[in-house]
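Colleague: Quick one: the structure is below, and I'll ask about it shortly.
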Amino acid sequence: MRLAILLFPLLAIAQIQQGFIYESAPFPECHASTIVETAPGEFYAAWFGGTKEGAKDVAIWGARLKDGAWSAPVELAREKDQSTYNPVLFFTKDKKLWLFYKHGLHPKTWNGAKISSLDGGRTWSEKEYLPAGLYGPIKNKPLVLADGTVVSGTSVESDHAWTAWVERSTDNAQTWTKHGPIVYPAEARGIIQPTIVPIGKNTLRMYIRSTKKIGFITYADSKDGGKTWSSAKITNLPNPDSGIDAVALKDGRIVLIYNHTSSGRSPLNIAVSKDGDKWTAPIVLESEPGEYSYPAIIQAADGKVHATWTWHRKKVKHAVIPLESLPN
């Protein structure tokens, strides 16, 4: 059964600070950013950039934010005669910074790779390729549990189906087990790119991108730390077949960043929930015509929320959102 899209006013919040990570770069197009806090007040972002998505010159690029300024973009990973896609930055409990990414000629046939850093992204290890069938976090940061278990949302895209999965690691992202599939029962070619957050004390929830045929963000729950999951169900937030991300704040609220529309990739919005089910009226981050997509969102040590997203496929935008700007 399809749900009606929520019809409530969109909120525009003046206190949000926005700016570009770079003004010029050695590539014409970019997409799929990720962000992590490397030290109090210091951040690292990454994305893919090149001629266009899927081109063989597309590489993974990154930049550091320190003392209020972003460094110039630097190349982090490149594959010979293949494109790279969807970098994901995160720390494991042993304080190692990881960057996972995908490489290949198309998402239907891509593979996973990873590099790591012990100094907050100043230097990086040699790349390692993941075993066949494992992709690592497919777009969004994993959830690292209190015991160090990494619960990573991933997905597989084929000609016949889009399906969400979870990859779990209990040894700080060295080895993985695969769990799922998580499906939306009424539509086989349906859901990809989960983002995972805790809901209360005993539940993990993934919010999942869906196709236009489904038309809404979907979700599934786990009661055993991400080993088994329910089937996906529909939220009442629209999804035009575009990437989303979410973060659980320290106060327990869930913040979801997404495109609040049934078609296209504008506007770009943030909604907040106390229970993971009922959402506030969405804040407007972008509303002009164009593409504002594939967002990433985290909460920093000082409590502020940081988000990045694709801006017209030309630049990566970064926003700092004070907690007082978020609705309760």
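Colleague: Counting alpha carbon pairs within less than 8 Å and at least 6 residues apart, what relative contact order, in whole percent, applies to the range 17-325?
Modeller: 14 percent
Colleague: Given Cβ point charges of +1 (Lys, Arg) and -1 (Asp, Glu) and nothing else, what value in debye, to the nearest 20, does the dipole of the chain about its Cα centre take?
Modeller: 460 debye
Colleague: Let me ask you something else. Can you compute 3J(HN,Hα) from phi for each residue in the range 137-149, using the Karplus curve 6.51 cos²θ - 1.76 cosθ + 1.60 with θ = phi - 60°, rounded to whole Hz and x for Gly and Pro?
Modeller: Along the range 137-149, the couplings run x, 7, 8, 9, 4, x, 9, 9, 6, 4, 8, x, 4 Hz.
Colleague: ³J(HN,Hα) across the range 210-222 via Karplus (A = 6.51, B = -1.76, C = 1.60, θ = phi - 60°), whole Hz, x for Gly/Pro?
Modeller: Running phi through 6.51 cos²θ - 1.76 cosθ + 1.60 with θ = phi - 60° gives 10, 6, 5, 5, 6, x, 9, 4, 10, 8, 9, 10, 10 Hz.
Colleague: Right, another one. Under the rule of at least 5 residues apart or a separate chain, name every residue whose amide H is placed under 5 Å from the amide H of Leu237.
Modeller: Ile217
Colleague: Return the distance in nm (one decimal) between the two label points of a simple spin-label model at Thr109 and Asp171, each offset 7 Å from Cα along Cα→Cβ.
Modeller: Result: 3.2 nm between the two label points.
Colleague: Let me ask something else about it. Using +1 at the C-beta of Lys and Arg and -1 at the C-beta of Asp and Glu, which of Leu105, Leu237, Ser125 has the Cα lying farthest in the positive direction of the dipole of the chain?
Modeller: Leu237
Colleague: Near the amide H of Val183, under 5 Å away, which other amide H atoms are found, from residues 5 or more places off or on another chain, if H is placed in the peptide plane?
Modeller: When sequence neighbours closer than 5 places are left aside, the close amide H contacts are Ala232.
Colleague: Residue by residue through the range 163-173, what is 3J(HN,Hα) from phi via Karplus (6.51 cos²θ - 1.76 cosθ + 1.60, θ = phi - 60°)? Round to whole Hz and write x for glycine and proline.
Modeller: Each residue of the range 163-173 in turn: 9, 8, 9, 10, 10, 10, 10, 10, 10, 6, 6 Hz.
Colleague: Another question, then. Which of the pairs Lys52/Lys317; Lys66/Lys127; Lys233/Lys274; Lys95/Lys139; Lys80/Lys127; Lys93/Lys139 have their Cα atoms more than 24 Å apart in this structure?
Modeller: Over 24 Å apart, Cα to Cα: Lys66/Lys127.
Colleague: In terms of Cα to Cα distance under 19 Å, which lysines are near enough to Lys227, apart from those fewer than 8 places away along the same chain?
Modeller: Lys141, Lys178, Lys201
Colleague: Here is a follow-up. In whole Å, how far is the Cα centre of the range 172-215 from that of the range 220-236?
Modeller: Between the Cα centres of the range 172-215 and the range 220-236 lies a distance of 7 Å.
Colleague: Show the residues, 5+ positions off or on another chain, whose built amide H is closer than 5 Å to the amide H of Gln193.
Modeller: Those qualifying (amide H under 5 Å, at least 5 residues apart or on another chain) are Ser155.
Colleague: Continuing with the same structure: Using only the Cα atoms, what convex hull volume per residue in Å³ does the chain have?
Modeller: Given the Cα convex hull of the chain, per-residue volume reads 124 Å³.
The numbers here are math on the coordinates, done by the rules we state, and not lab data. Values in this document were obtained by computation on a predicted structure and should not be read as measured data. Reconstructed Cβ throughout: ideal geometry from the backbone, glycine too, with neighbour counts over all protein chains shown.
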